[in-house]
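Comments concern the structure below.
The values are calculated or read from the model by the stated rules, or taken from the named source; none is laboratory data. Please read all numbers here as calculations on a predicted model, not as lab measurements. All Cβ positions, even for glycine, are placed from backbone atoms using ideal geometry, and neighbour counts span all protein chains on display.
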Amino acid sequence: MNPRPPAARALPADSSLFFKLVRVVNLTARPFVETLGRAHQLSLNEWRVMVVLANHPGVAASDLADATGLDKMSVSRAIAALSRSGRLTKKADPADGRRTRLWLNAAGRRVFETVGALAKQREHQLFGRIDALELQQLERGIDRLLAGLSEAE
């Protein structure tokens, strides 16, 4: 007789590479949401938009979906939330009034620097068990995957 009911048994994880990538994203995002996100009133999507804005100040709002991999509605919500929280500056594009350009303002940069330093520590923890050659190979593989995805769209 089996002492554990079927629902209590551990489910096998899908062995596909795609599912593993999804798991990695979810397992690495969970601590952010539970700690840094709550502490700084920042959603994961807002953080993703902040990363792009910190590295590409003045990017057009319409380009953020491609840069983050998020859908346009999620990006729009993140931009609205960052604007409401006083972390973002928006300006019309002088070359095309239909486009909006975005920057992190001083408050946004402070949050980015604080959260970014902690995110870098987490990144070192995550990749600390992988040697430099393996990390380079992983990065090249992911870059090729991203390029292929961009071409497919």
> Within the stretch 104-138, which residues are surrounded by fewer than 11 Cβ atoms within 10 Å (Cβ to Cβ) and either among the acidic types (Asp, Glu) or in contact with a Phe, Trp or Tyr (Cβ under 8 Å, 6 or more places away or on another chain) (or both)?
Replying inline: Asp131
>> on the phi < 0 side of the Ramachandran plot, in contact (Cβ under 8 Å) with a residue 40 or more places away in the chain and loosely packed, with under 11 Cβ neighbours inside 10 Å: is that true of Ser150 in this structure?
In response: yes
>> Please go through the stretch 62-91 and give me each residue that is crowded, with 19+ Cβ neighbours inside 10 Å and farther than 29 Å from Gln125 by Cβ, ordered by number.
In response: Ile79, Leu88
>> Name the single residue that is nearest to Arg84 (Cα to Cα) among those in the stretch 12-59 being surrounded by 15 or more Cβ atoms within 10 Å (Cβ to Cβ) and small (Gly, Ala, Ser).
In response: Ser43
>> Looking at the structure I just gave you, is Ala65 at negative phi and either at pLDDT 95 or above or in contact with a helix residue (DSSP H, G or I) (Cβ under 8 Å, 6 or more places away or on another chain) (or both)?
In response: yes
> Restricting to the stretch 78-105, what's the tally of residues that are modelled with pLDDT of 95 or more and among the small types (Gly, Ala, Ser)?
Replying inline: 6
